[in-house]
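For reference, the structure discussed in these notes is given below.
The values are calculated or read from the model by the stated rules, or taken from the named source; none is laboratory data. If you're wondering where the values come from, they're calculated on a predicted model, not measured in any experiment. Reconstructed Cβ throughout: ideal geometry from the backbone, glycine too, with neighbour counts over all protein chains shown. Surface accessibility is based on the protein's heavy atoms, side chains included, excluding ligands, DNA and RNA. Shrake-Rupley method; radii C 1.70, N 1.55, O 1.52, S 1.80 Å.
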Amino acid sequence: MGTGTGELAAWPPAAVATIVASLLALGGTTTATIWSFMRWRREQRVIDRAYVWQQVVWVAEMVSSDDVGKTEIGRMVAGAMYDMQIHGQVDDPGVSVLVRTLGEEERDATDVHAQDR
């Protein structure tokens, strides 16, 4: 067994160039794949955040409506949104605070009898 340079020197230059080109292509493909995955995840977070804010805006419009029925529905939905949050899924503290504030009156009204137990 030699140091390896003698065996590599015996290879034809086209074979060495092919191997080097293959390794560079593999490295480039790996880098591009990782970059595209990270960009896709970032875009998904932006889409998810926009969807959550769209829901919160709808709830805020319902709660601030002049119609009593819409206000009640808005508060019930806000309470349900707050109660159903999955830890870590809503990463915007503004959404959590807004939904909790909008749904507080509904939870207070339903928890009146909880103190009697």
Given (1) modelled with pLDDT under 85; (2) open to solvent by less than 90 Å² (accessible area, probe 1.4 Å), where does ALA32 come up short, assuming only one miss? (1)
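Please tell me if ALA25 is among the hydrophobic types (A, V, I, L, M, F, W, C) and at pLDDT 90 or above. First the steps, then the outcome.
Values: among the hydrophobic types (A, V, I, L, M, F, W, C): yes; at pLDDT 90 or above: yes.
It is true that ALA25 is among the hydrophobic types (A, V, I, L, M, F, W, C) and at pLDDT 90 or above.
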Any pair with Cβ under 6 angstrom, 6 or more apart, that starts in segment 35-54 at a residue that is closer than 28 Å to TYR82 by Cα and ends at one that is in a helix (DSSP H, G or I): VAL52/VAL95
